[in-house]
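The values are calculated or read from the model by the stated rules, or taken from the named source; none is laboratory data. Just so we're clear, the structure is a prediction, and the values are computed from it rather than from any experiment. Glycine gets a Cβ as well: all are built from the backbone with ideal geometry, and neighbour counts include every protein chain shown. The accessibility values were calculated without ligands, DNA or RNA, using every heavy atom of the protein model including side chains. Shrake-Rupley method; radii C 1.70, N 1.55, O 1.52, S 1.80 Å.
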Amino acid sequence: MLKEKTDVVLRAIESEDGEWIKKLLSEHWGSSLVVTRGVSHNAEELPGFAIIQGKDPKALVTFREDRTDIEIITLNSLQEGQGYGTALLNAVEGYARENGFRRIWLITTNDNTKALRFYQKSGFTLAGLYPRAIERSRKIKPEIPDMGNDGIPIRDEILLEYTLEDKHLE
């Protein structure tokens, strides 16, 4: 839930958001190219939701649709502790339910302990481990660093999923 702020709006990404989205993705992901499970995605061209305060972007989620699933490609909150990440997950869940999707899933890396904690607290479960998958991803996106958060080498991909059966994200 968003903290009580009257000038904060959660909305679908709009075409005029392109410039700030590209800048945010470049700052946080090295570029708008994101690689998951060996597949590259241009995140700035994907659907998603944004949280805006006044004219300032505060958070962004992008995703791609498959037949029965939604894959979250990026999620960034520029101010932690405000409920922005949770609000974006809830928006994706609402969209998925309205459109008949059965599962929301995402990939993160072994060094991203904050994301692992956040997604599990939000109801996602660990569903897969892909050892040394980042080696393949670096062939597509060489700017992926060797070292990640807390000095942990970035090596593996971790799959988290949330099944949309009678439950709701926390």
Exercise. Over the stretch 22-96, calculate the relative contact order: mean separation of alpha carbon pairs under 8 Å at least 6 apart, over the residue count, as a percent.
Key: 22
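Using 25 Å as the Cα-Cα cut-off, could you pick out the over-long pairs in LYS58/LYS139; LYS55/LYS121; LYS23/LYS139; LYS55/LYS114? Don't skip to the answer; put the middle values down first.
Details: LYS58/LYS139 32 Å; LYS55/LYS121 30 Å; LYS23/LYS139 23 Å; LYS55/LYS114 28 Å.
Result: LYS58/LYS139; LYS55/LYS121; LYS55/LYS114 exceed 25 Å.
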Exercise. Set the Förster distance to 41 Å, then compute FRET efficiency between ARG117 and LYS55 from the Cβ-Cβ distance, nearest 0.05.
Key: 0.85
Quiz item: Distance in nm between label sites at VAL9 and ARG97, each 7 Å beyond Cα in the beta-carbon direction?
Solution: 2.4
Quiz item: What's the carbon and sulfur percent of the chain's accessible surface, probe 1.4 angstrom, rounded to a whole number?
Solution: 48
Exercise. Calculate one ³J(HN,Hα) per residue across the stretch 107-115 by plugging θ = phi - 60° into the Karplus curve 6.51 cos²θ - 1.76 cosθ + 1.60, and present them in order as whole Hz with x for glycine and proline.
Key: 10, 10, 9, 4, 7, 8, 5, 4, 5
Practice problem: Counting only heavy atoms of the protein chains, get the accessible area per residue of the chain (1.4 Å probe) and round it to a whole Å² value. | Solution: 55
Quiz item: If Lys and Arg each add +1 and Asp and Glu each add -1, what is the summed charge of the other residues whose beta carbon sits under 10 Å from the beta carbon of LEU129?
Solution: -2
Quiz item: Classify the stretch 1-127: rounded, prolate or oblate, from the alpha-carbon gyration tensor (a ≥ b ≥ c, eigenvalue square roots; a/c under 1.5 rounded; otherwise prolate if a/b is larger than b/c)?
Solution: rounded
Quiz item: Could you give the nm distance between label points at LEU129 and GLU27, where each point is 7 Å from its Cα heading toward the beta carbon?
Solution: 3.5
Quiz item: Can you work out ³J(HN,Hα) from phi for every residue in the stretch 125-133, in order, using Karplus 6.51 cos²θ - 1.76 cosθ + 1.60 and θ = phi - 60°, giving whole Hz and x for Gly and Pro?
Solution: 10, 6, 10, x, 10, 10, x, 6, 5
Exercise. Before anything else, pin down the relative contact order of the stretch 105-170: Cα pairs under 8 Å, at least 6 apart, normalised by residue count, whole percent.
Key: 51
